[in-house]
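Have a look at the structure below before the remarks.
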Amino acid sequence: MWKVEDAIELYGIERWGNGFFSFNKNGNLIVKPTKNDAQVIDLKNVVDNLTSKKIEFPVLFRFPQILEAQIKALNGAFSNSISEYKYNSTYQGIFPMKVNQRKEVIEEIVKSGKKYNMGLEAGTKAELLAANGCLRLQNRWE
């Protein structure tokens, strides 16, 4: 008989989920965008709800809270290492746009990364134009 523990082991969610993803007692994939157990999203319930409303698939789910948490963790790790090893220079994280060029993702990275002076890396003219547009939006948020 298949158990939740089998799914956890098979899919390795403990390795890549980083506390944001898991399975509930029903075996459904859940998301905790803030890692808060009180704020859990059962993705099967969401999909069932969308299906009942005749929403067509595929559907893309975005969790900006996860991007924000990962940016904070990355910058915290570098900050701690800089202190621990008495590094005498600075660190500025960048997001290579070739990884994900979706406007919503780039805007969230720019917005969440602002307090860390995070930048964007553009490798093509199209990416440069997109980055420039996102940075103009950032100036409007200030």
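Values quoted throughout were computed directly from the atomic coordinates according to the rules given, and no laboratory measurement underlies them. Quick caveat: nothing in here was measured; it's all calculated off a predicted structure. In this analysis, Cβ positions are derived from the backbone assuming ideal geometry, glycine residues included, and neighbour counts consider all displayed protein chains.
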### Query
Which longest uninterrupted range of the chain lacks any chymotrypsin sites (Phe, Trp or Tyr not before Pro) assigned by DSSP to a loop state (not H, G, I, E or B) and surrounded by at most 12 other Cβ atoms within 10 Å?
3-60
#### Entry: Angle between the chain longest axis and helix 125-141 axis [Cα atoms, degrees, rounded to 10]
90
#### Entry: Lys, Arg +1 and Asp, Glu -1 on Cβ, resulting dipole of the chain about Cα centre, debye, nearest 20
440
## Note on the structure
Taking R0 as 22 Å and r as the Cβ-Cβ distance between Glu84 and Thr34, the FRET efficiency 1/(1 + (r/R0)^6), rounded to the nearest 0.05, comes to 0.20
#### Entry: Choice from Gln65, Gln101, Gln39 with maximal GNM fluctuation in the chain (Cα, 10 Å cutoff)
Gln39
### Query
Which percent, to the nearest 5, of DSSP beta bridges fully inside the chain are antiparallel?
60
### Task
Between beta-carbons, use under 14 Å as the cut-off and find the net charge around Phe57, counting Lys and Arg +1, Asp and Glu -1.
+1
### Violating pairs (Cα-Cα greater than 26 angstrom) within the set Lys32/Lys103; Lys3/Lys35; Lys44/Lys72; Lys3/Lys44; Lys3/Lys53; Lys25/Lys98
Lys44/Lys72; Lys3/Lys53; Lys25/Lys98
### Summary
Expressed in nanometres to one decimal, the distance between label points 7 Å along Cα→Cβ at Asn100 and Val46 is 1.3
### Query
If the convex hull of the alpha-carbon atoms of the chain is projected onto planes in all directions, what is the mean projected area in square nanometres?
12.7
### Message
Calculate the FRET efficiency for Leu10 and Ile55 from the Cβ-Cβ distance with a Förster distance of 35 Å, rounded to the nearest 0.05.
### Response
0.75
### Query
GNM on the chain, C-alpha springs below 10 Å: top fluctuator among Val105, Val47, Val31?
Val47
### Message
How tilted is helix 64-84 with respect to the longest principal axis of the chain? Cα atoms for both, answer in degrees (0 to 90, nearest 10).
### Response
50
### Query
Can you list the residues, at least 5 places off or on another chain, whose amide H is less than 5 Å from the amide H of Gly119, using H built in the peptide plane?
Gly93, Ile94, Phe95
### Message
Within the chain, which is the longest segment that contains none of the trypsin sites (Lys or Arg not before Pro) sitting in a DSSP loop with at most 13 other Cβ atoms within 10 Å?
### Response
103-142
